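Please treat every number below as a calculation from the coordinates, not as lab data. Treat the numbers as computed from the prediction; the structure is a model and nothing was measured. A quick note on method: Cβ atoms are made from the backbone with ideal geometry, for glycine too, and the neighbour counts reach across all protein chains shown.
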């Protein structure tokens, strides 16, 4: 039951994290390139540099937000239950990974 609840919380957090990452990536693109949308790879008007920079920024933003959300959810599950989500055979109250 705990594992199912953990998966549900993780799924919801991942969806919200994806939305947040998209908003942050768009805002950063607006600030850096002074444009509202990330350039498409097939846009002939965009150069390689701008295209690869935008893709790298977007990928980095998504990876950073995903790592932060995943870690936050794991900490939120560990505190009340005493379980670290990735350790399936761990018993409650055993030491979880520390800071």
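Residues of segment 57-71 falling in the label zone of residue 35, defined by backbone nitrogen less than 20 Å from a point 7 Å along Cα to beta-carbon, are 57-62. Using the Cβ-Cβ distance between residue 3 and residue 26 with R0 set to 30 Å, the FRET efficiency from 1/(1 + (r/R0)^6) comes to roughly 0.30.
Cβ-Cβ distance of residue 44 and residue 68, R₀ of 35 Å, FRET efficiency by 1/(1 + (r/R0)^6): the value works out to about 0.45.
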